[in-house]
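Participant: Below you'll find the structure I mean.
Derivation of every value follows stated rules applied to the coordinates shown; laboratory data play no part. Keep in mind it's a predicted model, so treat the numbers as computed, not measured. For neighbour counting, all protein chains shown are included, and Cβ atoms are generated from backbone atoms with ideal geometry for every residue, glycine included.
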Amino acid sequence: MRLLKLLFSLTAAILVAAAGPAAAQSAAAAAPKPLYRLQMLQAAPGRLLELIDVVKKHSALAAAGGEETPVIMRHSQGDHWDLAVLWPMDDWAAYYSQARMAKRDAAARASGRTPVELERELDPLVSWHEDLYMRGPSVDALRAHVKDMGLLHYEMMQALAGKRDALIEERRMENAFNRNRGRGETLIFVREAGADWDVVTLGVYRNWTQYAESDLIPKEANDEAARKAGFTDAGGVGPFMRTLISTHRDTLGPQVRQ
């Protein structure tokens, strides 16, 4: 009996070891991507600078409570909101675990507020707000993406019914198109809950000059880059994306340094 148990254990160990790398890769592929909260805020008239100061304070308190600080963008051109605050959360269960909530609560109370009271500080400063919870890249990838970049570009899209996966693939194709022509790629975020945007991308530029440099790329180079990415030509990139969406918004603005 002992010999049979030993043989069984050895066989099981060998099978697990043999399947280990594949099983690990499968588990990694199945694991959900990091969760983010995109907080969009429109300041009450005349209160924008106060709002920025409060958001910065909330960022500092998040760091004091062991959380990641957000990426903050101030609107310059595009949609009607004034600030986009991208908060890394990790995951629902992790973010709302007792340990992490206790740390956030302690940091808030050290400042003389509860977490609820801190959230309410925004009320008199905000005339419109919207939250979107999204899955996206790692926090390290986000930090590397925005580091030293002065200008951020959010594109937000609602997919037509049944077209969300196709829209995500189109966003990847556009990244390939930009990569082929020497332009920067975007980070892709996919809606999990909240506002009705299905896919959000975040592009970055050093400044407005770099943003406009795409006009200097010859048409032949643009067309070749587009065909390699799966489009008919450069002129077909936008029309193809619009076969997959019902609504599209763009917002450009500087990154708010903390």
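Participant: For the stretch 214-237, which residues satisfy the criterion of being surrounded by fewer than 18 Cβ atoms within 10 Å (Cβ to Cβ), of a type in the set (A, V, I, L, M, F, W, C), assigned to a helix (DSSP H, G or I) and in contact with a Lys or Arg (Cβ under 8 Å, 6 or more places away or on another chain)?
Facilitator: Answer for the stretch 214-237, where residues must be surrounded by fewer than 18 Cβ atoms within 10 Å (Cβ to Cβ), of a type in the set (A, V, I, L, M, F, W, C), assigned to a helix (DSSP H, G or I) and in contact with a Lys or Arg (Cβ under 8 Å, 6 or more places away or on another chain): just A221.
Participant: Within the stretch 238-254, track down each residue that is of a type in the set (V, I, T) and either closer than 12 Å to K163 by Cβ or assigned to a helix (DSSP H, G or I) (or both).
Facilitator: T243, I245
Participant: So, one more: Criterion first (touching a residue at least 24 places away in the same chain (Cβ under 8 Å), out of contact with any Pro (no Cβ under 9 Å at 6 or more places or on another chain) and not basic (K, R)) does Q158 satisfy it?
Facilitator: The answer is yes for Q158.
Participant: Considering the stretch 39-76 alone, what residues qualify as being in a loop (DSSP other than H, G, I, E, B) and closer than 17 Å to L252 by Cα?
Facilitator: Passing the criteria: H75, S76.
Participant: Name the single residue, out of those in the stretch 57-110 being farther than 22 Å from H129 by Cβ and among the polar types (S, T, N, Q), that is surrounded by the fewest Cβ atoms within 10 Å (Cβ to Cβ).
Facilitator: Looking at residues that are farther than 22 Å from H129 by Cβ and among the polar types (S, T, N, Q), I get Q98.
Participant: When you scan the stretch 115-123, do you find a residue that is of a type in the set (A, V, I, L, M, F, W, C), without any contact (Cβ under 8 Å) to a residue 12 or more places away in the chain and either part of a helix (DSSP H, G or I) or over 19 Å from E67 (Cβ atoms) (or both), even just one?
Facilitator: Within the stretch 115-123, one or more residues are of a type in the set (A, V, I, L, M, F, W, C), without any contact (Cβ under 8 Å) to a residue 12 or more places away in the chain and either part of a helix (DSSP H, G or I) or over 19 Å from E67 (Cβ atoms) (or both).
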